[in-house]
Amino acid sequence: MRAFFFARARKAVGAVVACGLAAALTMGTFAVPAFAEVRNADIVLGQTVESRGLTVANSPNIVASYALLMDEDGTVYFERDADTESKIASITKVMTAIVALDDAPDATVTVSAEAASVGESSAQLIEGDTMSMSDAVKALLVMSGNDAAQAIAETVGAQRLSTQGGDTSDSEACVQAFIDRMNEKASELGLENSVFRNPHGLDDGSWEGDHHSTARDVATMVRYAMQNETFRNSVNSATDVITVERDGDETTLELESTDQLLGVYEGACGVKTGFTDAAGYCFAGAANRGDGDLYTVVLGSTEDPQRFDDTTALFDWYYEHRIDYPLAHAPRTATMQSADGSTKEVPVVAEVSLASWVDRTVPATLDDPDATVQVFDLNGNISQEATFDTVSGAVRAGDKVGTLTFKQHNEVVAEVDMVAVEDVAAPSFFEGIGIWWDRFFRSFSGAQSQAESVLLNDTPLIVDKTSATSL
């Protein structure tokens, strides 16, 4: 097997950065920088870095304590302690938005005195403000407004209590009804290690409690939320405006996202930041470069910029290793004539036996000789399996003569037709008589009654994992 992609450039990333630690005296404490690292226990597509024998250069270097990288189909490409419970701070608001948009997308949200006074991160709402749910969700997600979170919880919780015959004048009961729904929704989504105790993610003082999630649950939650257009449009805005009714007049409030990747990193399209002293710096991110959403979660990072560095490191790693793999790698070519009379040079991927003849085959190529499949190279090399059709009678160029199935890590990644490259006539009447007698005598000698089909296509190596220093 040839190392087909051996020439692809690999970005060398050191396992340890050797540099002096600069201690900065600030407010009586020293700030000590943390270093990104690759861990043997980090998991790439279900196997540890160590068991895959991956090099430092082929593995993500990040600081976050817990992390996960998932595509829109739910395939997990990277994880670090992804099932360990952790505080998630304002990433909680993703679930708040999910419940609001699923259960009461057309509700009018009213800001109570309690909502306006939650404190910490705020969308600058004041008591008495009213707004559409879509604008409330923008205030929740773009500005990470705790006031918006509380107002949404009170509004949607009241609707929920109303259908149950509960007391909607009790704001605490309304919020609790909303929190109960958050946990119900978590169960519906299969979030096995998540518990929500409030709608905003605050976790100290009066908000202290068993409020937690995991990197895997957050990714699942985000993946679900991004299917909602209102949510998606909200988190994809670096700046936005909402309209609230305040003291009988319409008031416009300007919003600025806490997501530092929007408009800066190619394909970035959300989702939500989070920070508390207990949670550290967190970020659930999304990117799309035209081939589907990619979601990252980093929890417990050390600094505000670092959570975005961790996120871009994961995105870059994925995009670097997502490659287009050509399916046809044949040692020879042939000229194929199309139905319109034009000709082209095509790879001969197989010689397919012709059942009407004793010793003849027809050269075959792929239905699309230029076909490629997008694969993640670190998941292993490509294998192939040919299924040859029983081809008898006259054959025309372009007729299907078999199928090539390509697999990576025992999963089918492509299945393509093989077609005849040239015309082959059926045996004439007298040739048919000769072939019959030939096969009759061959049956006594044990000789083959027709030619064997032969696969000529190759599946070159994708990546040589030993080309850089191992861990």
Quick check on the stretch 152-182: of everything there that is loosely packed, with under 15 Cβ neighbours inside 10 Å and among the polar types (S, T, N, Q), which residue is farthest from VAL218 (Cα to Cα)?
SER169
Test for VAL401: is it part of a loop (DSSP other than H, G, I, E, B) and either within 29 Å of the chain's Cα centre (by Cα) or among the aliphatic types (A, V, I, L, M) (or both):
no
Qualifying residues in the stretch 41-71 (those that are in a helix (DSSP H, G or I) and among the small types (Gly, Ala, Ser)) - the one most open to solvent (accessible area, probe 1.4 Å)
SER51
Residues satisfying the stated conditions in the stretch 182-231, i.e. of a type in the set (Asp, Glu) and within 22 Å of GLY280 (Cβ to Cβ)
ASP203, ASP204, GLU208, ASP210, ASP217
Between residues in the stretch 189-215 that are outside any loop (DSSP other than H, G, I, E, B) and residues that are open to solvent by less than 10 Å² (accessible area, probe 1.4 Å) and charged (D, E, K, R), which pairs lie under 8 Å by C-beta distance while being six or more apart or on different chains?
ALA215/ARG80
LEU189 is checked against (1) open to solvent by less than 30 Å² (accessible area, probe 1.4 Å); (2) at pLDDT 95 or above; (3) touching a helix residue (DSSP H, G or I) at 6+ places or on another chain (Cβ under 9 Å) and fails just one. What number does that condition carry?
(1)
Could you list, in sequence order, all residues of the stretch 294-351 that are open to solvent by 20 Å² or more (accessible area, probe 1.4 Å), of a type in the set (Asp, Glu) and closer than 30 Å to LYS87 by Cα?
GLU303, ASP304, ASP309, ASP316
Looking at PRO305, is it over 30 Å from CYS282 (Cα atoms) and free of Cβ contacts under 8 Å to residues at least 60 places away in the same chain?
no
Within the stretch 108-135, the residues that are among the hydrophobic types (A, V, I, L, M, F, W, C), crowded, with 17+ Cβ neighbours inside 10 Å and in a loop (DSSP other than H, G, I, E, B) are VAL111, VAL118, ALA123, LEU125
Please indicate, with yes or no, whether at least one residue in the stretch 226-243 is at pLDDT below 95 and closer than 12 Å to ILE91 by Cβ.
no
What about ALA219, is it of a type in the set (Gly, Ala, Ser) and open to solvent by less than 40 Å² (accessible area, probe 1.4 Å)?
yes
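Any residue that is of a type in the set (S, T, N, Q) and within 14 Å of the chain's Cα centre (by Cα) - is there at least one of those in the stretch 289-303?
First, pick out the residues of the stretch 289-303 that are of a type in the set (S, T, N, Q): 296, 301-302.
Filter again for within 14 Å of the chain's Cα centre (by Cα), leaving 296.
Checked against the condition, which is being of a type in the set (S, T, N, Q) and within 14 Å of the chain's Cα centre (by Cα), the stretch 289-303 yields at least one hit.
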Restricting to the stretch 452-471, count the residues that are closer than 21 Å to PRO347 by Cα and either assigned to a loop (DSSP other than H, G, I, E, B) or modelled with pLDDT under 80 (or both).
8
Residue count, the stretch 355-370 (criterion: open to solvent by 20 Å² or more (accessible area, probe 1.4 Å) and in a loop (DSSP other than H, G, I, E, B))
9
Just one of the numbered conditions (1) modelled with pLDDT under 95; (2) farther than 16 Å from THR92 by Cβ is not true of TRP207; which one?
(2)
How many residues are within 22 Å of the chain's Cα centre (by Cα) and open to solvent by 60 Å² or more (accessible area, probe 1.4 Å) when one looks only at the stretch 404-420?
5
Condition check: crowded, with 16+ Cβ neighbours inside 10 Å, modelled with pLDDT of 90 or more and either of a type outside the set (D, E, K, R) or closer than 30 Å to LEU54 by Cα (or both). Does VAL373 satisfy that?
yes
Failed condition for PHE283, given (1) in contact (Cβ under 8 Å) with a residue 12 or more places away in the chain; (2) surrounded by fewer than 24 Cβ atoms within 10 Å (Cβ to Cβ)
(2)
Considering only residues that are touching a residue at least 40 places away in the same chain (Cβ under 8 Å) and aliphatic (A, V, I, L, M), look in the stretch 369-392 and name the one that is farthest from TYR318 (Cα to Cα).
ALA386
Flagged pairs (Cβ under 7 angstrom, 6 or more apart or on separate chains; first in the stretch 81-101, farther than 18 Å from GLY119 by Cβ and open to solvent by 10 Å² or more (accessible area, probe 1.4 Å); second part of a helix (DSSP H, G or I) and of a type outside the set (Asp, Glu)) are ASP83/ARG216; LEU101/VAL137; LEU101/THR230; LEU101/PHE231
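The values are calculated or read from the model by the stated rules, or taken from the named source; none is laboratory data. What you see is a predicted model; the values in this text were computed from it and never measured. Ideal geometry is used to build each Cβ from the backbone, glycine not excepted, and the neighbour counts take in all protein chains shown. Keep in mind that these areas ignore ligands, DNA and RNA; they rest on the heavy atoms of the full protein, side chains included. Shrake-Rupley method; radii C 1.70, N 1.55, O 1.52, S 1.80 Å.
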